[in-house]
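Heads up, the thing below is written out as structure tokens.
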Amino acid sequence: MSAAIDSHAHAGHDHHHGPAKGLMRWVLTTNHKDIGSMYLWFSFIMFLVGGSMAMVIRAELFQPGLQIVQPEFFNQMTTMHGLIMVFGAVMPAFVGLANWMIPLMIGAPDMALPRMNNFSFWLLPAAFGILLSTLFTEAGGPNFGWTFYAPLSTTYAPESVTFFIFGVHLMGVSSIMGAINVIATILNLRAPGMTLMKMPLFVWTWLITAFLLIAVMPVLAGCVTMMLMDIHFGTSFFNAAGGGDPVLFQHVFWFFGHPEVYIMILPAFGAVSAIIPAFARKPLFGYTSMVYATASIAFLSFIVWAHHMFTVGIPLTGELFFMYATMLIAVPTGVKVFNWVTTMWRGSMTFETPMLFAVAFVILFTIGGFSGLMLAIAPADFQYHDTYFVVAHFHYVLVPGAIFGIFASAYFWLPKWTGHMYDETLGKTHFWMSFIGMNLAFFPMHFVGLAGMPRRIPDYNLQFADFNMISSMGAFMFGATQLLFLFIVIKCIRGGKKAEAKPWDGAEGLEWSVPSPAPYHTFSTPPEVK
Amino acid sequence: MAASLTTRQLTVRLVGVVLAMFAFGFALVPIYDVMCQAFGINGKTNTSAYQGALKVDETRQVKVQFVATNAADMVWEFQPVGDQVVVTPGRVSEMRFIARNPSDKPMTAQAIPSVSPSKAAAYFQKTECFCFTQQVLQPGESIEMPVRFIVDPELPADVHRLTLGYTLFDITARMPPVPVAGR
Ligand code: HEM
Ligand SMILES: [Cu+2]
């Protein structure tokens, strides 16, 4: 730490210190850029692991009947796929982006709590190591769905459920520490003149996401703790025989779960709000309304959770309340979509890869929002619930929503991170293959879902065969394309056209005022924001 | 930027929020129970004997049906002696359930009641029920168990029929049967 102390003594002196050498640089680093990179790499590895599981699922569903895996293993694949994508791929990717970009965007030298930052990252490999190890136990890994409803996950769970619980605890602690760090950084380390309403939207959406995280991750921790006590200590939170109630589980879980889906999308909203103005060469339309819309979405996300439970037998007034409250979310979401479209309106648009992903984000996320509205209609949800229609809905908000948001951010900021331009032709190929692949994979799921195909099954009725085959082919295409992304990133790190400090002429923000690649230490003396 | 709180103060407060939310997760358990009682959610009914008296409403009759189910892995034979009774709201009625332990070891069971439609649950009062306690049966032993109940005359007018269902759980592992002397 002497370097840090030194730097206070002689401001600017620390520019001479580069990163430490060797492996220990990564183990011990407290540098936000190093930690950001580690988060991003970790999340990409998890994306490939979770993606391979999706390939197993789609291979089994390629044709009706059981061909490749046994139903028991199939259930473990759907469960682990969901858990890894949500907690291992999407959430850490956004924390990685936050680490890299928030200090650069607000003119801070680093995150506010750098050592905690290191710890919160290193908890993740431990958490997912534990989670993945369960697949090698005799009774297999978690097989109760990523929503792990009791009593499936308690009374009827495989032994490895205790590992699962411990893993969830670790990743929860990691996200909470990450969130505290983000809040402390944003509230305390902004450069002089960077008032709250001057902050880039990515910073705003992350600030709100961080508050969601510290509000609901502890509830998830409580939920798995109750499971642990039911399984090992003879309590009956979710066990009807002892006076508990399995439906209580669903309330506790979804009190966490619905805000969680916004945790996975709000930072993407912020990133897209930076990218669209850059390539439309116009300032973002309706900045203030964007901030308020994000805050309203976050608030509403706490009072809609039972829309996942329309069919469990809640009173009519409850059904109505949760139906209307859910539909209300479409209003601030609509404001955002309107603002993005209006930003593009009459802009001098160019379609580099980040912009392609951002425009696809707006269009496809909206489709996912509409299917969400259909699901929010309580009487109709009795038909849709637990069918492939729900699977189509959440993949439309998560793949072209969260994941495309992450891809768009990666291409947008890669020049800043690496100092090189990525290969534009390959980037565009990656986009179009992903775009076509994901639509082929997920659009037909709407149809089979409406026709009644249930989710989480390894076999299905013959009538669904054609659409499932199309879905599987689309999924294989999408999956394979992600290896191209890996290649593009490695190629960009190793070389390529030199990137200027500001490679996109329409881009705005402090991050473009530092050279590319961003030096190891930036803003040791805070910039002046007018 | 003049921060109003130091990073340490801010962090301590945020950790406080985290701990409070962890506690809130557990607070959801009693909150849920209160909500269920208040709104009759999930068909939950009273778990101890109802003491009050209700006015009899001779103008109306309600059909009460009975269902007995075994939870998974429960081996007892368990059924009501009759399928349904027609009751006058406000009057005490009775139904008996029979349970038999066909296994070769003593077992403890707990019955969990539930009323549907769930909006009727708050108007269904049990004055006596085998579900208020646990049942212990020796191998081959059987038992006849009564439930006495009153349907509240305030029951919404559109409910003409309601169902009282019991699910019987094996809780031997949790509450081992105490060996009975002399048997
Ligand atoms: C206009 C906005 C939205 C509305 C009205 C909406 C509505 C719904 C409803 C009613 C369900 C439950 C369907 C059922 O189980 O029968 C659902 C499920 C789901 N939604 Fe949304 N949603 C919206 C946005 C989002 C976003 C932004 C995300 C994530 C980025 C998301 C992720 C999910 C997930 C993961 C599930 C399924 C959970 C599961 O059962 O495994 N939704 N949505
Ligand atoms: Cu939801």
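The values are calculated or read from the model by the stated rules, or taken from the named source; none is laboratory data. Keep in mind that what you see is a predicted model, and the values were worked out from it rather than measured. Ideal geometry is used to build each Cβ from the backbone, glycine not excepted, and the neighbour counts take in all protein chains shown. SASA here: full protein model, heavy atoms, side chains in, ligands and nucleic acids out. Shrake-Rupley method; radii C 1.70, N 1.55, O 1.52, S 1.80 Å.
In region B:62-170, the DSSP beta bridges split such that about 80 percent are antiparallel, to the nearest 5. Each Cα pair under 8 Å and six or more residues apart adds its separation to the average, and for chain A the resulting relative contact order is 18 percent. The charge dipole of the protein assembly as shown, taken about the Cα centre with unit charges on the Cβ atoms of Lys, Arg (+1) and Asp, Glu (-1), comes to about 1580 debye, rounded to the nearest 20.
The amide H of A:Lys497, built 1.01 Å from its N in the peptide plane, has A:Met421 as neighbours under 5 Å, considering only residues 5 or more places off or on other chains. Here is how the number arises for chain B: DSSP H runs of 4 or more residues each give -39500 (n - 2.57), the sum is divided by the residue count, and the result at 222 nm is -6500 deg cm²/dmol. Interface size, chains A and B: roughly 2800 Å² of accessible area buried, both sides included, 1.4 Å probe, rounded to the nearest 100. Taking square-rooted eigenvalues a ≥ b ≥ c of the alpha carbon gyration tensor, is chain B rounded, prolate or oblate, where a/c under 1.5 means rounded and, failing that, a/b exceeding b/c means prolate? Cα axes put chain B in the oblate bin. Here's the picture: charge each Lys and Arg Cβ at +1 and each Asp and Glu Cβ at -1 in chain A, and of A:Met453, A:Phe233, A:Gly129 the one pushed furthest to the positive end of that dipole is A:Gly129. Remark: region B:26-175 carries 49 Å² of accessible area per residue (probe radius 1.4 Å; ligands, DNA and RNA excluded). Between the alpha-carbon centers of region A:273-332 and region A:173-192, tell me the distance in whole angstrom. About 24 Å separates the Cα centre of region A:273-332 from the one of region A:173-192. Residues of region B:12-32 that bury at least 40 Å² of accessible area when the other protein chains are present, relative to the chain alone (probe 1.4 Å, heavy atoms, ligands and nucleic acids excluded): B:Leu14, B:Val18, B:Met21, B:Phe22, B:Phe26, B:Leu28, B:Val29, B:Tyr32. Volume of the convex hull of the protein assembly as shown (Cα atoms only), normalised per residue: 191 Å³. Buried on complex formation within region A:228-250 (loss of at least 30 square angstrom of accessible surface versus the isolated chain, 1.4 Å probe, ligands and nucleic acids ignored): A:Phe237, A:Ala240, A:Ala241, A:Asp245, A:Leu248. For region A:281-432, with the dipole built from +1 on Lys and Arg beta-carbon atoms and -1 on Asp and Glu ones, taken about the Cα centre, which of A:Phe310, A:Thr425, A:Gly368 lies farthest toward the positive end? Checked the options; the winner is A:Thr425.
Listed cross-link partners A:Lys198/A:Lys498; A:Lys198/A:Lys502; A:Lys198/A:Lys491; A:Lys282/A:Lys530; A:Lys502/A:Lys530; A:Lys282/A:Lys502 are compared with a 25 Å cut-off, the Cα-Cα value being larger for A:Lys198/A:Lys498; A:Lys198/A:Lys491. Across region B:119-135, rounded Karplus estimates of 3J(HN,Hα) from the backbone phi angles (6.51 cos²θ - 1.76 cosθ + 1.60, θ = phi - 60°) give 5, 7, 4, 5, 9, 10, 10, 9, 8, 8, 7, 5, 7, 6, 10, 9, 10 Hz, Gly and Pro being marked x. Accessible area per residue for chain A, computed on protein heavy atoms with a 1.4 Å probe, is 37 Å². Amide hydrogen proximity for B:Thr172: with H placed 1.01 Å from N in the peptide plane, the residues at 5 or more positions away or on another chain lying under 5 Å are B:Thr108.
Please tell me the relative contact order of region A:396-477 in percent, rounded to the nearest whole number, where contacts are Cα pairs under 8 Å and at least six residues apart.
Across region A:396-477, relative contact order equals 34 percent.
Determine the shape class of region A:450-530: with a ≥ b ≥ c the square roots of the Cα gyration tensor eigenvalues, call it rounded for a/c under 1.5, and otherwise prolate if a/b is greater than b/c, oblate otherwise.
Prolate shape, in that a/c is at least 1.5 and a/b is the bigger ratio.
Overall, the accessible surface of the protein assembly as shown at a probe of 1.4 angstrom is composed of carbon and sulfur to the extent of 66 percent. Relative contact order, whole percent, for region B:62-170 stands at 41, derived from Cα pairs under 8 Å and 6 or more residues apart. Under the shape rule built on the C-alpha gyration tensor, where the axes satisfy a ≥ b ≥ c, region B:62-170 is prolate, since a/c reaches at least 1.5 and a/b is greater than b/c. For A:Ala112, the amide hydrogen comes within under 5 Å of the amide hydrogens of A:Thr185, counting only partners 5 or more places away or on other chains and with H modelled in the peptide plane. Summed over qualifying helices (DSSP H, 4 residues or more, each -39500 (n - 2.57)) and divided by its residue number, chain A shows a 222 nm mean residue ellipticity of -22000 deg cm²/dmol. Scalar couplings 3J(HN,Hα) for region B:8-13, obtained by applying the Karplus form with A = 6.51, B = -1.76, C = 1.60 to θ = phi - 60°, are 5, 4, 4, 4, 4, 5 Hz; x denotes Gly and Pro. When each of the peptides A:420-429, B:57-66 is scored by how many other beta carbons lie within 10 Å of its residues on average, the order from highest to lowest is A:420-429, B:57-66. If you find the alpha carbon centre of region B:126-159 and of region B:29-77, how far apart are they in angstrom? If you average the Cα positions of each part, the centres end up 9 Å apart.
Between 0 and 90 degrees, rounded to the nearest ten: what's the tilt of helix A:316-344 against the longest Cα principal axis of chain A? Roughly 30 degrees, rounded to the nearest 10.
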